[in-house]
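**Student:** Below you will find the structure I want to go over with you.
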Amino acid sequence: MTASGTGHSSPCIVVMGVSGTGKSTVARLLAMRLDIPFTEADDLHPPANIAKMLAGVPLDDTDRQPWLESIGRSLREREAAGTGCVTACSALKRRYRDTLRAACPGVFFLHLTADRELLSERIGHRTGHFMPKALLDSQLAALEPLEPDERGAGLDARPTAELTAEAAMELLACQEGT
């Protein structure tokens, strides 16, 4: 995993997990530290998906597919340009990650985890986000953790976002050597 400016291609990383893990904050910090672009996958949702979530209705796979394809295109474009990127995206199910991997085979998934109580507390303190606390349980039920054959790693998201981003940098440095 090499940062830009070193003559090597920069990584494409998806910071994944359920709502409240700090995906967006950690992904932004990681992108800044790696000096590569940040993408917020939530910004790629079509308006109908956002309206559904605002109403407290979980998205189904039909709702998610065009969104995942859009994220995949974004990853592929960044990989092809050699700029890399860090994308914050829930990527809860294996098949969702497979869609992203099909578009960008070298993508690395960083799965942030925390217990339900902390996640609920964090979501309850957020403002200006369309994901209501009521959908946390549906996300936890849908979550399929990374499998051994998936390129990625889990990371505890209980510490501050800054400490989690620093741990992510250490983890990525270890991955580079393998």
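The values are calculated or read from the model by the stated rules, or taken from the named source; none is laboratory data. From a predicted model like this one, the values you see are computed outputs, not experimental measurements. We place every Cβ from the backbone using ideal geometry, glycine too, and count neighbours over all the protein chains shown. Just so you know, the surface numbers come from the protein's heavy atoms only, side chains and all, with ligands and any DNA or RNA stripped out. Shrake-Rupley method; radii C 1.70, N 1.55, O 1.52, S 1.80 Å.
**Student:** What is the ratio of the Cα radius of gyration of the chain to 2.2 N^0.38 Å, with N the residue count, to two decimals?
**Tutor:** Rounded to two decimals, the normalised Rg is 0.97.
**Student:** Only helical DSSP H runs with n ≥ 4 go in: add -39500 (n - 2.57) per run for the chain, normalise by residue count and round the 222 nm mean residue ellipticity to 500 deg cm²/dmol.
**Tutor:** So the calculated ellipticity at 222 nm is -14500 deg cm²/dmol.
**Student:** Run the numbers for Ala81 and Ala48: contour at 0.36 nm per residue of separation, minus the present Cα-Cα distance, in nm.
**Tutor:** Full extension of this stretch gives 8.8 nm more.
**Student:** Report the percentage of all Cα-Cα pairs in the stretch 38-97 whose separation exceeds 18 Å, rounded to a whole percent.
**Tutor:** 36
**Student:** Report, in order of residue number, the helices in the chain meeting two criteria: a C-alpha extent of 18 Å or more along the helix axis, and a mean Kyte-Doolittle hydropathy of at least -0.5; treat each whole DSSP H run as one helix.
**Tutor:** Membrane-span-like by this criterion, though nothing is claimed about a membrane: 161-176.
**Student:** Still on this model: Sort Met53, Met32 by accessible area with a 1.4 Å probe, largest first.
**Tutor:** Heavy-atom accessible area, descending, gives Met32, Met53.
**Student:** Separate question: How do the peptides 20-29, 33-42 rank, highest first, by the average count of neighbouring beta carbon atoms within 10 Å per residue?
**Tutor:** Answer by packing, highest mean first, reads 20-29, 33-42.
**Student:** Right, next: Treat every Asp and Glu Cβ in the chain as -1 and every Lys and Arg Cβ as +1, leave all other atoms uncharged, and give the resulting dipole magnitude about the Cα centre to the nearest 20 debye.
**Tutor:** Approximately 260 debye in magnitude.
**Student:** Right, something else. Could you tell me which of Leu34, Ser9, Ser24 has its Cα farthest along the dipole of the stretch 5-64 towards the positive end, charges placed at Cβ (Lys, Arg +1; Asp, Glu -1), taken about the Cα centre?
**Tutor:** Checking the options against the dipole of the stretch 5-64, the answer is Leu34.
**Student:** Just going by the charge dipole of the stretch 1-121, with Lys and Arg at +1 and Asp and Glu at -1 on Cβ, which of Ser120, Gln65, Ala55 is farthest out on the positive end?
**Tutor:** Towards the positive end, the residue furthest out is Gln65.
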